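Colleague: Below is a structure I'd like to ask you about.
The values are calculated or read from the model by the stated rules, or taken from the named source; none is laboratory data. Everything numeric in this text was worked out from a predicted model, so none of it was measured. Ideal geometry is used to build each Cβ from the backbone, glycine not excepted, and the neighbour counts take in all protein chains shown.
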Amino acid sequence: MRGRVLFLVGLLLTAPLLTSAASEPEVYYFGVINQRSITLTARYWNPILAYLERRSGIKLRLKMGKTAPETTAMTVRGEHDFVYTNHLFSKERDKLGFRVILHMQGAPIRSTIIVREDSRIQRLKELNGKVVVFPSAEAFVGYWVPMDHLLKSGLTVKEVFAGNQEGAMARLRNDRAVDAAAVNKLVLERYAARENFRYRSLWDSEPYFNIPIMVHPRVNKATIDKVRQVLADMANDPEGKNILQTSAALIKQKKPIVFIKADDSEYENYRRFYRETVVKN
Amino acid sequence: MGLLPRVMLTVSLVMCLSFVAIFFVFLHDQADEAQRRLDMEIDSMVDVISPLMVEQIVIGDFATINQLLKSQIERNQSFKSIIWHSDSGTKLSAQSSRSASGVPWWFSNLFTLHNLTKNVAIQLGGVSYGELLIVSDKDYIIAKIWHRAIQIFLFGLGVTLLLLLAIGYLLRINLSKLGELAKATRQFEAGDYSVRINEAGSPELREATHAFNNMANQLEKLFVELEASRHEVNEQLHFIEELFASIPLPIFYKDREGIYLDVNRAWEEFFGVSRETIVGHTVYRLYEHDLDTARIHDEKDQELWAQPGVQVYERQIKTGEGKEYATLYSKATFTNTEGKVAGIIGLITDLTELKAAEARAQQALMEKVSAETANRAKSTFLANMSHEIRTPLTAIIGFAETLLDSHAEQQDRIEAIQTIIRSGKHLQSIISDILDLSKIEADRLDIETIPVELFEMLHDISVLAELQAAEKGIRFLLEPCFPLPQKILSDPTRIKQILMNLTNNAIKFTERGEVTLRVRYNPQTDKISFEVHDTGIGLSNEQQSKLFNPFTQADISTTRQYGGTGLGLYLSRQLAVQLGGDINVNSQQAKGSCFTLLLPVGQIAEQMFLQQQPAYPTPEPQVEIVNTDVRGTVLVAEDNPENQKLMRYYLSKLGAVQISLVENGEQAVRAALKSAYDLIFMDIQMPVMDGVEATQILRSRDYHGPIVALTANTMKTDIAVYKEIGCNDFVAKPIDQKKLYEVILRYMHPVAEGEDESAIISQLLVNDADMSDIVQLFIDGLDEKLQELREAIEGQNWQQVRFVAHNLKGTGGGVGYPMVTEVAIRLMIHAEQTDQQAANSTLQELVTLTKRIKSGFPAASSGVSANG
């Protein structure tokens, strides 16, 4: 009874949001694929979104699920106008029509399969039958790419999901039952530097551009352009640069955050991967 | 009301009031604290739920947010409601469903609390996520305070009761201890010094009881010591009283007014005054009979008051009973406990006996000084005697040595001999004086008491005195004051000795004028006085006082100037005293002296008194004994070699006398028993056997020949002894040649001139006949020796003369012919002097001597005496 009441209340609360998506809404929802805790993600993105609102008058409100699949599910359901994710390049999701407008400056991301530094496992093939932790089944470089390689290498592993990238790393570090982890190499390096985590890499994937900011097809072009321009110029504005440095510092990132304008062509290898992968969704 | 109820009531009242005040302060503090804590809870809750809510808002999970709010309401009972408003108008809330807590209305009215409402904005990363409205529950806070107040009240009440009980208990215990203390104090006051309190209870009480016990101990000890001190003081007082009373010296003490405070028994006995009579009175009461003495004591007291301390003075006093004492007053001031002079204590020492003893000691000291003076005089005398004896001895020895000089003129030789004789006689007189003195001191002086022709004796003295005076260029006068007794009964020798001494002194100390011997007779005293007047240097009174002391001259300079032993006058007075008389002197310096010998005349039958001086008797003609030859054998027993030589010399001058010499009585006995001698001279003191024993042995063995004692002991008693043991006569030492010849002539006969070729017997053969071979050998060699000497003298070979003479000197004496030795010595001297004439003369003596030796040898060897 109590659960039903709460559901109705929740429905009532979310109804205005859903209804406003057809016209020009006063608020756009910005989804962020779960890489870190929600609180840390909010502390990271909220100052950027507030800056965007102050500069453009366009209000973007952070919205995400508890886990990456939940967030992706929300995206798939159309609850996000803008989204910072790389989960939308599979054949099915590509159909949703999200387009790349920006990505962050920096080295492209790679998938990497690692073991603890003191592990007896020296080669990838020794992972056969072993427990491998992944951030989530939705994670591109955290699951699809490494799993595709494992499968194509003829290896079968026992899959374990930690929820996000750093969760998978923490699991490998602390849980002796886990033999290896498949994670985003860029995230791994930041995590290892921050947490002094020592590991050995058994395999690295080809490079992929970092997670892009994509926009739903329902958002009008002017809004997209304005958002695209403000964020692309943010690193050049003192206030914006300061906000970006603060957010980078939150996740121990030494390089400053710089948004660079991008388009779908730069993420073709993603789409190609999804076409050729042996991993089943 | 007792202390305990009063303290309890007061403490209860104070505690209740304090508790109420503290309670209400506490309540208000509790309210403030509750309010503050509520704020903190709200802040804390917001801090906790804000991120959770943000997360849920980002996710869009409002059900979870609602659930979160409800859970906070349930968890925090202080909150009445929590409401969240989103910026978009969404509102979620949670309400508390708790009911009222049953707090009484009056308690709620004590606080002015309201339901607190707090709005808190929720932001993250600069994005607002709405507001939280939190409403606090005032009733819940008050109820919480109420319950707390009840707990505190009950706790405080319990604590207060416990505190009161504890205080009551402690007070009760301590007050009971105070009661004990009070009781013990009363007991102590009542004299029970042994009471003590058990030291228990609180530290303060233990300290108080400990202090009491300490005080009691100290006081008890103090009382005991006080009692002991009091006893000791009583004992000391008693002892002092006893001491004061029993000290055998008179003691008194007075106050500052001079009033006697007490006197002891000795004082009472000393003055013959009772204590009751003098105590309370001054010294004027004691010396009523002698106010001068009282005044002096009073003045002495005043001096002591003026200068406190000790005062000592002597005073001759007279008691009321008339006893006189020489006293020593020793006084001292004494002080009271404040240190002020309070009186005088005095001690009287009786010096009467001490003074007498001191006088006796003084007398003894004077006598001792006198004795020491006498000793010093004796020492001086000895020094003088030494000088007096050495002087003639020096002359004798010196002139005797000159006689050995063969070159000396005959006149010089005669003068030398005369000097020797004179010095010898002087020496003899000195020794005689000394011997006389020693006899007097030993009370062994022989005094004759025979009738003495007065003028005969005076004539003898005058003859000598006139000669001495004439030699000095002054006159000697004899002035008899008639009538004078014809004879006196006395010792003429001693009278002469005295008068010769007096006249000699007078002549010696008179340079000009005369010396007069005045003789008087006093019929009243029947004494005759011989006054020797001179016009000499005279004597001072001091010199006169010491004149008759032994060994004393007028002064030391007199000795140096005039010589003399200082013995004459002393000896003269002693002799005079021995004769029953005395000598005194009357003299004036530079004018002269008068020495008077006073003697008793003595009872003489048919005494005649002369009115004029009788004619002097004619002296008897002197016999020249030296020229008389005597024949016979003489044995001389004498140990002293000098005396042997002297005897040989004297006897050899008698011509045909055969002399035998032995050294002790034993040899004398042996020689005399072997061959009888015409005469034996027996020295009394000899080694091995003395003369007395030898004489006794000879007489006991029927030896009838004459034996004459040679002795220096010529006292009557000694002579009597010698005669008693068998000596026929005696010759005094030193030997007077004349007297010796007189004795010899008594026992030996003179011979005609020309019969002097007597044989000489070897002394060696006298003592030991077995030595005749040696003597024979010596005699046989004599002619050869004579020839050698003769040739050597003729050839003036003096070295040969000395050699042969030396040989004879050694062998001659050794074989019993000492005369050969003597002649040989002379020959050696002549050889030394290269005197050929004297050597020939002496050689002739040796030739004669050789003949006599040869003639005597057969007789000696046959053991037959020459005078059988």
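Colleague: Scan the range B:36-57 for residues that are within 14 Å of another protein chain (Cβ to nearest Cβ) and touching a residue at least 40 places away in the same chain (Cβ under 8 Å) and jot them down.
Modeller: Correct list: B:Ile49, B:Ser50, B:Pro51, B:Met53, B:Val54, B:Ile57.
Colleague: Related question: Would a scan of the range B:226-244 turn up a residue that is in contact (Cβ under 8 Å) with a residue 12 or more places away in the chain, in a loop (DSSP other than H, G, I, E, B) and more than 23 Å from B:Ala356 (Cα to Cα)?
Modeller: The answer is no; no qualifying residue exists.
Colleague: Still on this structure, I have one more. Select from the range B:386-410 the residues that are assigned to a helix (DSSP H, G or I) and within 26 Å of B:Ile825 (Cβ to Cβ) and list them in ascending order.
Modeller: Within the range B:386-410, B:Leu393, B:Thr394, B:Ala395, B:Ile396, B:Ile397, B:Gly398, B:Phe399, B:Ala400, B:Glu401, B:Thr402, B:Leu403, B:Gln410 meet the criteria.
Colleague: Quick one: count up the residues across the range B:81-111 that are modelled with pLDDT of 85 or more and either over 30 Å from A:Asn46 (Cα atoms) or not polar (S, T, N, Q) (or both).
Modeller: 8
Colleague: Find the strands (runs of 3 or more DSSP E) located wholly in the range B:626-711 whose residues include 2 or more that are at pLDDT 90 or above and under 19 Å from B:Asp729 (Cα atoms), and list them.
Modeller: The qualifying strands (runs of 3 or more DSSP E) are B:629-637, B:679-683, B:707-711.
Colleague: If you don't mind, there's one more thing I want to ask. Is one or more of the residues making up the range B:93-106 surrounded by fewer than 14 Cβ atoms within 10 Å (Cβ to Cβ), more than 14 Å from chain A (Cβ to nearest Cβ) and aromatic (Phe, Trp, Tyr)?
Modeller: yes
Colleague: Residues of the range B:30-68 being closer than 30 Å to B:Ser108 by Cβ, surrounded by 15 or more Cβ atoms within 10 Å (Cβ to Cβ) and of a type in the set (Asp, Glu), which ones?
Modeller: B:Glu41
Colleague: Now for a different question. In the range B:327-342, what count of residues is obtained for those that are small (Gly, Ala, Ser) and at pLDDT 90 or above?
Modeller: So the answer is 2.
Colleague: Condition first: touching an Asp or Glu at 6+ places or on another chain (Cβ under 8 Å) and either assigned to a helix (DSSP H, G or I) or not aliphatic (A, V, I, L, M) (or both). Now tell me which residues in the range B:61-108 satisfy that.
Modeller: Correct list: B:Asn76, B:Gln77, B:Ser78, B:Phe79, B:Lys80, B:Trp84, B:His85, B:Ser96, B:Arg98, B:Ser101, B:Ser108.
Colleague: Further, regarding this structure: Please work out if B:Lys91 is touching a Phe, Trp or Tyr at 6+ places or on another chain (Cβ under 9 Å), without any contact (Cβ under 8 Å) to a residue 24 or more places away in the chain, among the charged types (D, E, K, R) and under 30 Å from B:Ser71 (Cα atoms).
Modeller: Taking the combined requirement at face value, the residue satisfies it.
Colleague: Shifting gears a bit: Can you tell me which condition B:Leu291 does not meet? The list is (1) among the hydrophobic types (A, V, I, L, M, F, W, C); (2) in contact with a helix residue (DSSP H, G or I) (Cβ under 8 Å, 6 or more places away or on another chain); (3) touching a residue at least 12 places away in the same chain (Cβ under 8 Å), and all the others hold.
Modeller: (3)
Colleague: To continue, here is another question. Is it true that A:Ile213 is among the aliphatic types (A, V, I, L, M) and assigned to a loop (DSSP other than H, G, I, E, B)?
Modeller: The answer is no for A:Ile213.
Colleague: Regarding the range B:250-264, can at least one residue be identified that is among the β-branched types (Val, Ile, Thr) and either in a loop (DSSP other than H, G, I, E, B) or out of contact with any helix residue (DSSP H, G or I) (no Cβ under 7 Å at 6 or more places or on another chain) (or both)?
Modeller: yes
Colleague: Here is a follow-up. Filter the range B:332-378 down to the residues that are of a type in the set (Lys, Arg), part of a helix (DSSP H, G or I) and within 30 Å of B:Lys254 (Cα to Cα) and list them by number.
Modeller: The one that is of a type in the set (Lys, Arg), part of a helix (DSSP H, G or I) and within 30 Å of B:Lys254 (Cα to Cα): B:Lys355.
Colleague: How about the range B:1-17: which of its residues are hydroxyl-bearing (Ser, Thr, Tyr), free of Cβ contacts under 8 Å to residues at least 12 places away in the same chain and closer than 15 Å to B:Tyr169 by Cβ?
Modeller: Hits for the range B:1-17: nothing passes.
Colleague: Another question, then. One residue is enough: does the range B:254-263 have a residue meeting the conditions in contact with a Pro (Cβ under 9 Å, 6 or more places away or on another chain) and modelled with pLDDT of 90 or more?
Modeller: Yes, the range B:254-263 contains a residue that is in contact with a Pro (Cβ under 9 Å, 6 or more places away or on another chain) and modelled with pLDDT of 90 or more.
Colleague: Which of the residues belonging to the range A:153-193 are touching a helix residue (DSSP H, G or I) at 6+ places or on another chain (Cβ under 8 Å), part of a loop (DSSP other than H, G, I, E, B) and on the phi < 0 side of the Ramachandran plot?
Modeller: A:Ser153, A:Leu155, A:Thr156, A:Val157, A:Ala162, A:Asn164, A:Val178, A:Asp179 - these are the residues of the range A:153-193 that are touching a helix residue (DSSP H, G or I) at 6+ places or on another chain (Cβ under 8 Å), part of a loop (DSSP other than H, G, I, E, B) and on the phi < 0 side of the Ramachandran plot.
Colleague: Same structure, new question: List pairs: first residue in the range B:348-361 and modelled with pLDDT under 90, second residue surrounded by fewer than 14 Cβ atoms within 10 Å (Cβ to Cβ) and assigned to a helix (DSSP H, G or I) anywhere in the structure, Cβ distance under 9 angstrom, at least six positions apart or on different chains.
Modeller: B:Leu351/B:Glu358
Residue by residue, here is whether (1) modelled with pLDDT under 80; (2) among the β-branched types (Val, Ile, Thr); (3) part of a helix (DSSP H, G or I) holds:
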position: B:Leu113; (1), (2), (3): yes, no, no
position: B:Gln123; (1), (2), (3): no, no, no
position: B:Ala143; (1), (2), (3): no, no, yes
position: B:His147; (1), (2), (3): no, no, yes
position: B:Ile150; (1), (2), (3): no, yes, yes
position: B:Val159; (1), (2), (3): no, yes, yes
position: B:Ser176; (1), (2), (3): no, no, yes
position: B:Leu181; (1), (2), (3): no, no, yes
position: B:Phe188; (1), (2), (3): no, no, yes
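Colleague: Same structure, new question: Among the candidates B:Asp460, B:Asp436, single out the residue that is touching a Lys or Arg at 6+ places or on another chain (Cβ under 7 Å) and surrounded by 12 or more Cβ atoms within 10 Å (Cβ to Cβ).
Modeller: Sole residue among the options that is touching a Lys or Arg at 6+ places or on another chain (Cβ under 7 Å) and surrounded by 12 or more Cβ atoms within 10 Å (Cβ to Cβ): B:Asp460.
Colleague: Mind checking which helices (runs of 4 or more DSSP H) fall wholly inside the range A:9-105 and carry at least 1 residues that are at pLDDT 90 or above, surrounded by 22 or more Cβ atoms within 10 Å (Cβ to Cβ) and at the interface with chain B (Cβ under 10 Å from one of its Cβ atoms)?
Modeller: Counting at least 1 such residues, we get A:38-56, A:68-76.
Colleague: Mind checking which residues of the range B:772-796 are of a type in the set (S, T, N, Q) and outside any helix (DSSP H, G or I)?
Modeller: B:Gln796 - this is the single residue of the range B:772-796 that is of a type in the set (S, T, N, Q) and outside any helix (DSSP H, G or I).
Colleague: Next question, about the same structure. What is the one condition in (1) surrounded by fewer than 18 Cβ atoms within 10 Å (Cβ to Cβ); (2) within 13 Å of another protein chain (Cβ to nearest Cβ); (3) assigned to a loop (DSSP other than H, G, I, E, B) that A:Asp118 does not satisfy?
Modeller: Just one mismatch for A:Asp118, condition (2).
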